[in-house]
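Every read-out reported here was derived from the displayed coordinates using simple, explicitly stated rules and does not represent laboratory data. For clarity, every value in this text was computed on a predicted model and none was experimentally measured. Ideal geometry is used to build each Cβ from the backbone, glycine not excepted, and the neighbour counts take in all protein chains shown.
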Amino acid sequence: MPQMSQPATGQLTRKELQELRRLKAVREALDELKRKGISADIAICPVCKSPRLVDLTSYRDLGYIGSFHPAYYCLDCGWYGRSLTIMTNRPEKDAVLNDLRNAFAPLMETDGGSFEPIEDNQE
């Protein structure tokens with residue numbers, strides 16, 4: 001019979017509580033920005049949920065062949081990687097559409113097309 005590493009007590013571990021506090025602080029900062037009318041995205045560490053990340057991308061990091069994906073380092077837990085978790089105060093529907101508009105803006109300018117949302121016709 002496999003043993004559980006932690007008994008299910010209904011209480012958060014110290015690490016989980018620390019992560020929850022960090023997420024709460026980021027959410028409060030995003031809420032304050034939203035009250036001021038500012039839409040923002042904040043990158044957080046995927047391991048410890050800290051917003052204290054440093055962008056380490058440099059010519060040394062790009063290597064001989066080169067990679068244009070930024071690299072990040074977490075000042076709190078030491079995590080290093082290229083994939084981030086993003087917290088935002090934008091409505092999900094608007095965030096996705098705005099990101100697509102920005103990603104495809106050069107194409108839209110050349111063909112004069114517009115980018116309209118597709119209605120979901122599920123019945």
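Local charge sum around Leu12 (other residues, Cβ-Cβ under 11 Å, Lys/Arg +1, Asp/Glu -1)?
On the way: positive: Arg14, Lys15, Arg21; negative: Glu16, Glu19.
Once all neighbours under 11 Å are counted, the net charge is +1.
From the phi of every residue in segment 71-88, what ³J(HN,Hα) in whole Hz does the Karplus formula 6.51 cos²θ - 1.76 cosθ + 1.60 yield, where θ is phi - 60° and glycine or proline is x?
Working through the residues one at a time gives 10, 10, 10, 8, 6, 8, 10, x, 4, 10, x, 10, 9, 10, 9, 10, 10, 9 Hz.
List the residues, sorted by chain then number, that are 5 or more residues from Arg90 or on another chain and whose placed amide H is less than 5 Å from its amide H.
Long-range HN contacts for Arg90: Ala40.
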